[in-house]
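Note sheet for the following structure.
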């Protein structure tokens, strides 16, 4: 009971420090707004994301009934933007979950056992890190084929090395603590020690990396869709919207600008919130 109470108190302190960071709160507000749009897109969007009407092609913003205008197929850009938040947040969340789980296991095993196991795992991670994450994601997506699931797998695999290195560094510190020695003396197995004692004490850096990683995942997914390797039309993914509208940028700037701003604002909000969360979880900032 005392341990649970201590953990609750620690997270309460984190929240109190986070509340003092206005930039982080602004980022969190934008993220909550995006999540709200993604969950209730069916009721918030004035039209379906693929409702086409060629007679209303390229209507400018602030046209009656079309706040952000329409695209080359006469589809409402605002509706597609709202529905597109589902794809961007889903890709960002699932791909980061994949990379965090795989990276945490690799980093925890490498850091806990050390020696040959550590060398083998870390050299493999070094090989992956030698390839730019976006280029690796493009290669994986090209091999697996376009589609939502393949995009999440490609982006997730490309981000594994970052989590592996962060968790390994944390494990190297935590495994020398007295409570780990006590767990070993009590006869607990290695898997139990790693899962129940070590990884819970490495959550803070994982959470921060995951928060910042969602921004990179969304950007990578948008890049893949822009290149035609990601989510395919008519799905209203923001990168795909940019790709299909780029040929009209000179005459109809808003068709490209709106999804571009949506991507920029989302990544900006995630970076603000991630930076604030990192500061809130930093024990050196405790009073």
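The numbers here are math on the coordinates, done by the rules we state, and not lab data. This one's a predicted model, so the numbers in the text were calculated from it and none came from an experiment. We place every Cβ from the backbone using ideal geometry, glycine too, and count neighbours over all the protein chains shown.
At a glance:
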| quantity | calculated |
| --- | --- |
| Most mobile listed residue (270, 62, 261) in the chain, GNM with C-alpha springs under 10 Å | 62 |
| Neighbour-count order for 79, 133, 88, fewest beta carbons within 10 angstrom listed first | 133, 79, 88 |
| Stretch gain in nm, segment residue 97-residue 195, where the contour uses 0.36 nm per residue and the Cα spacing is subtracted | 33.6 nm |
| Relative contact order for the range 23-106, counting Cα pairs under 8 Å that sit 6 or more residues apart, in percent | 28 percent |
| Highest-MSF residue in the chain out of 250, 56, 165 [GNM, Cα springs under 10 Å] | 250 |
| Relative frequency of Cα-Cα separations exceeding 27 Å in the range 123-265, percent | 41 percent |
| Distance in nm between pseudo-label sites at residue 253 and residue 131 (7 Å out along the Cβ direction from Cα) | 4.0 nm |
| Per-residue [θ]222 nm for the chain (sum of -39500 (n - 2.57) over DSSP H runs n ≥ 4, rounded to 500) | -23000 deg cm²/dmol |
| Equivalent ellipsoid semi-axes - Cα gyration tensor, the range 44-127, angstrom | 50, 11, 8 |
| Fraction of the pair-distance distribution of the range 100-188 above 23 Å, Cα-Cα pairs, percent | 36 percent |
| Inter-site label distance for residue 16 and residue 29 at 7 Å from Cα along Cβ, in nm | 2.4 nm |
| Spacing of the two label points (7 Å from each Cα toward its C-beta) at residue 144 and residue 63, in nm | 3.8 nm |
| Relative contact order %, the range 135-250, counting alpha carbon pairs below 8 Å whose residues are six or more apart | 33 percent |
| Measure of compaction for the chain (Cα Rg per 2.2 N^0.38 Å) | 1.17 |
| Length-normalised contact order for the chain - Cα pairs under 8 Å, 6+ apart - percent | 25 percent |
| The range 23-42-the range 147-222 distance, computed between alpha-carbon centres (Å) | 26 Å |
| Neighbour-count order for 242, 203, 78, 135, fewest beta carbons within 10 angstrom listed first | 135, 203, 78, 242 |
| Linear extension gain, residue 188 paired with residue 264, 0.36 nm per residue minus alpha-carbon span | 22.6 nm |
